[in-house]
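The values are calculated or read from the model by the stated rules, or taken from the named source; none is laboratory data. Worth saying up front: this structure is predicted, and the values here are computed from it rather than measured. Cβ placement follows ideal geometry from the backbone for every residue including glycine, while neighbour counts extend to all protein chains displayed. Heads up: the accessible areas ignore ligands, DNA and RNA and are worked out on the full protein's heavy atoms, side chains in. Shrake-Rupley method; radii C 1.70, N 1.55, O 1.52, S 1.80 Å.
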Amino acid sequence: MNFPKIFVYGSLRKGFHNYQRYLAGKVKKIEPGYVQGTLYFLKNKGYPALCYGHNQIIGEILTLNLPLTKILPDLDKLEGFISKNHPLNEYNREERLVFNMETHQTESLLVYVFNESNPNCDLKSMIPIHDGDFSKFINEKSFTA
């Protein structure tokens with residue numbers, strides 16, 4: 001049986017509250033990986049935003065033990081995903097190339113990418129996470145609230 005995979009880079013990573021809330025008990029395997037982009041901290045919301053760019057954004061490849069249809073509705077709600085190409089999506093659900101740091105293979109996986117064109121988006125509250133690692137950024141508290 002093929003188990004579905006997704007890539008997460010923020011509060012859905014293991015050890016964060018949204019992993020506990022939405023994914024605990026639903027993950028078969030966790031592998032380190034990265035995707036290309038630019039990562040920001042949304043100061044007014046307290047979570048990260050993956051945008052287009054060319055930096056390595058560190059995260060986790062989660063192999064799920066349930067079908068995506070059982071998991072995506074809750075994740076879509078969390079990520080503010082209404083439907084494909086909807087202008088008011090907070091995040092768009094996209095297939096992106098993700099490099100698996102354990103297998104050294106590139107995989108096409110679902111990733112939630114911040115919708116910078118959403119008219120409700122507050123670009124002024126975005127703080128760059130220069131090293132592309134949200135977990136390290138939060139743990140070092142390298143931002144001012």
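List the residues of region 103-128 whose backbone N lies under 20 Å from a point placed 7 Å from the Cα of HIS17 along the Cα-to-Cβ direction.
Answer for this model: 126-127.
Rg/Rh for region 1-132 to two decimals, with Rh computed the Kirkwood way over all alpha-carbon pairs.
Using only Cα positions, Rg/Rh for region 1-132 is 0.94.
Residues with beta-carbon under 15 Å from that of VAL113, excluding VAL113: net charge, scoring Lys, Arg +1 and Asp, Glu -1?
-3
For region 1-113, which whole percent of the accessible surface, found with a 1.4 angstrom probe, sits on carbon and sulfur atoms?
Reported share for carbon and sulfur atoms: 51 percent.
Among 6-18, 126-138, 22-34, how do they line up from the highest to the lowest mean number of other beta-carbon atoms within 10 Å?
6-18, 126-138, 22-34
So what is the calculated 222 nm ellipticity per residue for the chain, using -39500 (n - 2.57) for each DSSP H run with n of 4 or more, over all residues, to the nearest 500 deg cm²/dmol?
-4500 deg cm²/dmol
Going by alpha carbons, how many degrees (0 to 90, nearest 10) lie between the helix axis of 68-78 and the longest principal axis of the chain?
Its long axis makes an angle of about 10 degrees.
Summing Lys, Arg as +1 and Asp, Glu as -1, what charge do residues with Cβ under 9 Å from the Cβ of SER125 carry, SER125 excluded?
That works out to +2.
Evaluate the distance, in nm, between pseudo-label points positioned 7 Å from the Cα of SER117 and of LYS77 along their respective Cα→Cβ axes.
2.8
Kindly list the residues of region 5-42 that lie in the label zone of SER125, defined by a backbone N under 17 Å from the point 7 Å along the Cα-to-C-beta vector.
11, 40-42
As a test of reading the structure, rank HIS54, HIS104 by solvent-accessible area (1.4 Å probe, protein chains only), most first.
Order by accessible area, largest first: HIS54, HIS104.
Please work out the average accessible area per residue across the chain, using the 1.4 Å probe convention, and give it in Å².
Per residue, the chain has 56 Å² of solvent-accessible surface.
Taking only pairs that are 8 or more places apart or on different chains, how many Lys pairs in region 29-145 have Cα atoms under 17 angstrom apart?
Final tally of qualifying lysine pairs is 6.
Report, to two decimal places, the Cα Rg of region 1-71 normalised by 2.2 N^0.38 Å (N = number of residues).
1.16
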